[in-house]
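The values are calculated or read from the model by the stated rules, or taken from the named source; none is laboratory data. Here the structure is a predicted model, which means the values were calculated and not measured. A quick note on method: Cβ atoms are made from the backbone with ideal geometry, for glycine too, and the neighbour counts reach across all protein chains shown. Surface areas here come from the heavy atoms of the whole protein model, side chains and all, with no ligands, DNA or RNA. Shrake-Rupley method; radii C 1.70, N 1.55, O 1.52, S 1.80 Å.
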Number of protein chains: 2
Amino acid sequence: MEEVSTNLAFGGVQGVYRHPSSATGTDMTFSVFVPAHPAGQTLPVVWFLSGLTCTHANVTEKGEYRRACAELGLIFVAPDTSPRGQNVPDDPLGSYDFGLGAGYYVDATEPPFSANYRMRSYFEELSTLVFDRFPGDPSRQAIMGHSMGGHGALTIGLSEPGRFQSVSAFAPIVAPTQVPWGIKALRGYLGHDRATWRSHDAVALIEDGARVPVILVDQGTDDQFLTEQLRPDLLENACREAGIPLTLRRQAGYDHSYYFISSFMADHLRWHAARLGGAAR
Amino acid sequence: MEEVSTNLAFGGVQGVYRHPSSATGTDMTFSVFVPAHPAGQTLPVVWFLSGLTCTHANVTEKGEYRRACAELGLIFVAPDTSPRGQNVPDDPLGSYDFGLGAGYYVDATEPPFSANYRMRSYFEELSTLVFDRFPGDPSRQAIMGHSMGGHGALTIGLSEPGRFQSVSAFAPIVAPTQVPWGIKALRGYLGHDRATWRSHDAVALIEDGARVPVILVDQGTDDQFLTEQLRPDLLENACREAGIPLTLRRQAGYDHSYYFISSFMADHLRWHAARLGGAAR
């Protein structure tokens, strides 16, 4: 693992790191914020999965999470959203919603994407690396994300029962098997057999019996993707029927941008910290 | 004035605007955050002048000022750092510290820069525009900046007695007539007669009798530009001799980046708000 940069921020260290990934067959870059803490102490870890077109850098620069993480004693990890590099295939049409910057947190089975687009396995590989190299407590983890990354947070949370004390999202894609973004991506990465898609769809996972302890979702009412791509109503219905405690906050006037995310980031982190126990200081 | 974008953030509106400037002879872009406030109420205004290479966008995206401005009821304005456009001359060598992105908040007198690089006059033009179009209270103003913009905040603050209740800076260039960055810029914009430079040098202005009510400066001790370009000790000495109350905080381990700025942005805004009276709500 190579240190790309470290900067002191809010008394902690905001780092950016690069490592060769066996999951993707490429170098991968991610960021980690570690707040100031007593030597030898471990801290809860919050995973933040980003949305379409993003790298680790978007939330790192615009997410405004460091003040709250420093106050609450949370490690904040931001992975990239796809493999990258000269030999990594992209959408042949170069669109923003498939290929580079759009890995959808799945392991692709369709060539040519199956060689590198293994972002679900990459998440596990990165988890191992992070707990090996940073003072995270694996028994206290939360996962959150934005848009495509909200999809990632929900589906990974639902797929690993017991791992995450809490799951939250900003404007998540909740049912990719039912919306244009998701159908394009899942068909491209997983092929035409829709049965294989269900384990990468939060609503379908819940319908099929998957559970998480608690979910918080913020959704802007002026989000341009709300009715066609995001459909929080589908998550609301699925959680109601499954008895999963979902807090869905429709935030009047907010859009899909980091201005929206940053406005409610501290709320989410406080909510996670209350369920993670915070740092034992 | 044209609206480039507006986004709801922390209950207020983060806008980006463009307007034709008579001072620079170009279109200029700037950002304004207006917090939620009762209709008809005016709010104090904080001017943020950015550093070398920046546009309005750097602090707008990375400055983390919106939460504090929303809480404190402060309008936050971020101008660009130079004229821009096809016909605007740049440093012939394309260096980062002169020309585009490096206007130094002076009115150039040397050709070819004198036609467009009139950033001191532009600040006044923008002030008029902002108070005309946004609910700012001209009797309650603060000015702050970073690096070259810290130089701008200090020199404009010192040049307009009575206008600003408070002046603050992150890692400012305090004595451009004495450091390489400043000497290059002032010579390039103002010519070889150093007598004309003194009114654009905070330390010289103080030596020549200019005063502001109070100054707050944060300076990272690991700032790569500290000893050669920034020299806060020169400001410290000048303020001590002049009796200007300066709070100079040497922040251990911090660098010159927005990670440093964002860490202490809320501190500065609270400090300004205490002197501006805040919104009367």
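If R0 is 30 Å, the Cβ-Cβ spacing of residue A:87 and residue A:211 corresponds to a FRET efficiency of close to 0.15. Surface exposure of chain B, expressed per residue as accessible area with a 1.4 Å probe, stands at 35 Å². Under 12 Å from the Cβ of residue A:130, count the other residues' Cβ atoms, weight Lys and Arg +1, Asp and Glu -1, and hand me the total. Here the charged neighbours net out to -3.
Under 16 Å of direct C-alpha separation, and excluding same-chain neighbours fewer than eight residues apart, residue B:62 reaches these lysines: A:62.
How would you classify the protein assembly as shown from its alpha-carbon gyration tensor, with a ≥ b ≥ c the square roots of the eigenvalues: rounded for a/c under 1.5, else prolate if a/b is greater than b/c, otherwise oblate? Here the protein assembly as shown falls in the prolate category. Between copies, the label points of residue A:115, set 7 Å from Cα on the Cα→Cβ line, lie 5.3 nm apart, reported in increasing order to one decimal in nanometres. Between copies, the label points at residue A:131 (set 7 angstrom from Cα along Cα-to-Cβ) are spaced 6.0 nm, reported in nanometres from shortest to longest. Sum -39500 (n - 2.57) across every DSSP H segment of at least 4 residues in chain A, then divide by the residue count to get the 222 nm mean residue ellipticity, nearest 500. It lands at -9500 deg cm²/dmol. The dipole here belongs to segment B:2-276: it is taken about the Cα centre, uses +1 on the Cβ of Lys and Arg and -1 on the Cβ of Asp and Glu, and is about 440 debye.
For the protein assembly as shown, DSSP calls about 45 percent of its internal beta bridges antiparallel. Net charge in the neighbourhood of residue B:25 (other residues with Cβ under 12 Å of its Cβ; Lys, Arg +1, Asp, Glu -1) is 0.
Along the axis of the charge dipole computed for segment A:2-276 (Cβ charges of +1 for Lys and Arg, -1 for Asp and Glu, origin at the Cα centre), the listed residues A:9, A:70, A:230 are led at the positive end by A:70.
What shape does chain B take by its C-alpha gyration tensor, where a ≥ b ≥ c are the square roots of the eigenvalues and a/c under 1.5 counts as rounded, a/b above b/c as prolate, and the rest as oblate? Oblate, since a/c reaches 1.5 and b/c is not below a/b.
Chain A comes nearest to the axis taking it onto chain B at the Cβ of one residue; that residue and its distance, in whole Å, are A:64, 3.
Contact order normalised by length for chain B, with contacts defined as Cα pairs under 8 Å and 6 or more residues apart; what percent is it? Computed over chain B, the figure is 18 percent. Measuring r between the beta carbons of residue B:274 and residue B:131 and using R0 = 22 Å, the FRET efficiency lands at 0.50.
Across the identical copies, the label point of residue B:53 (7 Å from Cα in the Cβ direction) is separated from its matches by 2.3 nm, in order from shortest. The modelled label-to-label distance for the pair residue B:227/residue B:178, using points 7 Å beyond Cα in the direction of Cβ, is 1.6 nm. Annotation: residue B:227 carries an accessible surface of approximately 110 Å², with a 1.4 Å probe and no ligand, DNA or RNA atoms counted.
Going by the alpha-carbon gyration tensor, a ≥ b ≥ c the square roots of its eigenvalues, is segment A:109-178 rounded (a/c under 1.5) or, if a/c is not under 1.5, prolate (a/b greater than b/c) versus oblate? It is oblate, given that a/c is not under 1.5 and a/b is not larger than b/c.
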